[in-house]
Ligand code: UD1
């Protein structure tokens, strides 16, 4: 199992280029199920989750080809097996995104329930409720969702809570439904707007994505398209927080700054100097960060996917920061690991009180989930001495070429392979 060895205590200097967004790539790959023509995706990040989605789609009979330029060509001329097996769904919850498209295109689908997950229960009730409102009949049997519908029919759906993949699933299903669907209390994440824009390029008629009410006029069929995936806002934010924690001067290129406002505001509050261009963000940090309070919320609020990274920043900040997680239960598993590096954190329910210490000290730590791993890397970069992060397969799910990108910023980071 690979580990990451970090010799910390060095400021970061230089430029890093952001990859395509994981959370945009995964739903866009599923959109290929909606058409028999080719969907060509550019700027697809090289990530384990993307490969898992490719395996899932090819298992259904979708032709998946890598183009030389890093793009992917997906062609679902025929969907032989509209099924998502437990073996793949359990490793990646976003697999549930195939349910809506399969049902709309094939009239039936069999998708494993995602099951428990390290960061909370994460049910899919809103996905199911929405699909049922569109006329699907869904039965849960032997851990699988069996869904059927001759043709989905548009409906007005008010979601009980804001769900990103739930909104995406319903939007894809409704794109091929008969008549009009209105999704209320929809997720406003930029990745939802991106998916809608790509579906429109394929011939869908979707309005309002990016806002909380999305209107979808169903069409009979969709065609192929070529689409370039937006930059990853969480990867962008992670490198910015790394620079804020370790100090130095970093330019994050190829970014979409407009999608990062809540994160940038918190970095400024922590004392970072930022220069924000159209497609790049420069950060300069020459002092100890000031502690900031963070409360996660659906977009445009502060992203839960940046919460762990800010906990690492607060751990070495001047003052006390209060971090409140409102999206996921049990998303503080990085706290005890950060404590191994000398952080002073008290967790009570969904709140963590982080009393900044002047310096962290390297230690062996264990990654528990994707963003928790990022926080441990950030803390390791800022800590004195060596930090060994175990279970970095979590990082490979969501950060392309992490150690190469950090090394280009002058960090001393090395992947250590050890046999199980
Ligand atoms: C997506 C992101 C993930 C991010 C999260 C929140 C992708 C592939 N993943 O995950 O990186 O952390 O949004 O921004 O885009 N819920 C229900 N019932 C449902 C659906 C969700 O109760 O049917 C709850 C979840 O348990 C959670 C909250 O709603 O507490 C938000 O989850 P959701 O937005 O659905 O997260 P994902 O779409 O899985």
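Within the stretch 347-369, whose backbone N sits under 20 Å from a point 7 Å along Cα→Cβ of residue 324? Backbone N within reach: 347-356. In the chain, the longest principal axis of the Cα atoms and the axis of helix 233-246 are about 10 degrees apart. A simple packing score, the average count of other Cβ atoms within 10 Å per residue, orders the peptides 339-347, 179-187, 139-147 as 179-187, 339-347, 139-147, with the highest score first.
Evaluate E = 1/(1 + (r/R0)^6) for residue 197 and residue 408, where r is the Cβ-Cβ distance and R0 equals 22 Å; express this FRET efficiency to the nearest 0.05.
Details: r = 31 Å, r/R0 = 1.43.
Efficiency computed from Cβ-Cβ geometry: 0.10.
Relative to the longest principal axis of the Cα atoms of the chain, the long axis of helix 370-382 makes an angle of roughly 20 degrees. Compared with the alpha-carbon gap, the fully stretched path from residue 217 to residue 258 is longer by 11.9 nm at 0.36 nm per residue. Residue separation of residue 297 and residue 346 scaled by 0.36 nm, minus their Cα-Cα distance, works out to 15.5 nm of gained length.
Which order do the peptides 13-21, 99-107 come out in when sorted by mean C-beta neighbours inside 10 angstrom, highest first? Don't skip to the end; give the middle numbers.
Working: 13-21: 20.7, 99-107: 25.1.
Descending mean neighbour count gives 99-107, 13-21.
Per-residue ellipticity at 222 nm, computed for the chain from helices alone with -39500 (n - 2.57) per DSSP H run of at least four residues, works out to -9000 deg cm²/dmol.
Alpha-carbon geometry of the chain: the Rg and the Dmax are 21.4, 63 Å, given in that order. Taking 0.36 nm per residue of separation and subtracting the Cα-Cα distance, what length does fully extending residue 228 through residue 141 add? Length difference between fully extended and current span is 27.5 nm. Figure legend: label point modelled 7 angstrom from the Cα of residue 65 along Cα→Cβ; residues of the stretch 23-43 with amide N under 16 Å from it are 36-42. Angle of helix 48-60 to the longest C-alpha principal axis of the chain, folded into 0 to 90 degrees and rounded to 10: 20°.
Rounded to the nearest 0.05, what FRET efficiency do residue 278 and residue 73 have when you use their Cβ-Cβ distance and R0 = 25 Å? Calculated transfer efficiency: 0.25. For a modelled paramagnetic label at residue 416, 7 Å from Cα along Cα-to-Cβ, no residue of the stretch 38-82 is in reach, as no backbone nitrogen comes under 18 Å.
Just so you know, all these numbers are worked out from the coordinates, no wet-lab data involved. Everything numeric in this text was worked out from a predicted model, so none of it was measured. Every residue, glycine as well, gets a Cβ built from its backbone with ideal geometry; the counts of neighbours run over all protein chains shown.
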